[in-house]
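> Following this message is one structure expressed as structure tokens.
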Amino acid sequence: MIDFHCHLDLYPDPEGVAREAQAAGIAVLSMTTTPSAFAGTAELGVGRPMIKTALGLHPELAHQRAHELALFDRLVADTRFVGEIGLDGSPRFAATRTSQLDALAHILGSCSDVGGRVLSVHSRGAVRPVLDALRGHPLAGTAVLHWFTGTARQASEAVELGHWFSIGPPMLASMKGRELVARLPRDRLLTETDGPFATNDGRPCTPSDVMVVTEQLARIWQVGVAEAAAQIGKNMSGLLAMGT
Ligand code: MN
């Protein structure tokens, strides 16, 4: 099982969640929301080979942490994974739009300079400008659009641009989300939880909730759960073999 987008450092007991995930054999890509959180969060993966850490600057924090972009540039050589990055178009963050765009352009430029990275990308209410930013930085790496809520047409555009998607419990909770997931190419999908932000059955998700996601994908694809899990595992290997 794979949780390609989780915030281990934001749980009340990060060590406990990391230990449980490792014991359950769940591979976790642990996001960070600021470059300064990277070193501490990466320690959760020490001695736990299935836990990898991504270097990020969350769009909701971009306006407060522009000074950490220099740290981002120093750390980006140390990791294959970058996230959480992206843009948030919610009304609450409308005033920070310019700093968000500046930070994302800087990050994508920095990733291009080091030969490309695997990117976990937030695009809530901002699919259009996110796709434009990625199109403008074709050497930044392979983007995995997390918790994608765009239209079917935007999803097709993302696929044409070579992007991937990570699917979590909230996307599968609505009919609209399930219909969108059903249209996505099976070989471009990964599973995620976005815990502890996202919830499942009214409690914060933990990495083990990818089981529920895998079961729902199996239902959508009309295959067995083992086959769905094997598909996601194969996708993960394929993504890692791409060299970014
Ligand atoms: Mn997240």
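The values are calculated or read from the model by the stated rules, or taken from the named source; none is laboratory data. Bear in mind the structure is a predicted one, so any value in this text is a computation, not a measurement. Quick reminder, even Gly has a Cβ in these numbers, built from the backbone with ideal geometry, and neighbours come from all protein chains shown.
> Restricting to the range 180-209, name every residue that is within 16 Å of the ligand (Cβ to nearest atom) and more than 14 Å from His146 (Cα to Cα).
Once the filter is applied, which keeps residues that are within 16 Å of the ligand (Cβ to nearest atom) and more than 14 Å from His146 (Cα to Cα), the range 180-209 yields Pro196, Thr199, Asn200, Pro204, Cys205, Thr206, Pro207, Asp209.
> Condition (residue is of a type outside the set (S, T, N, Q) and more than 18 Å from Val82 (Cα to Cα)) applied to the range 132-143: is it met by at least one residue?
Checked the range 132-143: at least one residue is of a type outside the set (S, T, N, Q) and more than 18 Å from Val82 (Cα to Cα).
> Would the range 87-100 turn up any residue that is among the charged types (D, E, K, R) and within 25 Å of Leu161 (Cα to Cα)?
Within the range 87-100, one or more residues are among the charged types (D, E, K, R) and within 25 Å of Leu161 (Cα to Cα).
> When you check Ala77 against the structure, is it at pLDDT 95 or above, surrounded by fewer than 17 Cβ atoms within 10 Å (Cβ to Cβ) and closer than 15 Å to Arg117 by Cβ, yes or no?
Answer is yes for this residue.
> Further, regarding this structure: Quick check on the range 119-141: of everything there that is aliphatic (A, V, I, L, M) and closer than 23 Å to Arg92 by Cα, which residue is surrounded by the most Cβ atoms within 10 Å (Cβ to Cβ)?
That would be Val121.
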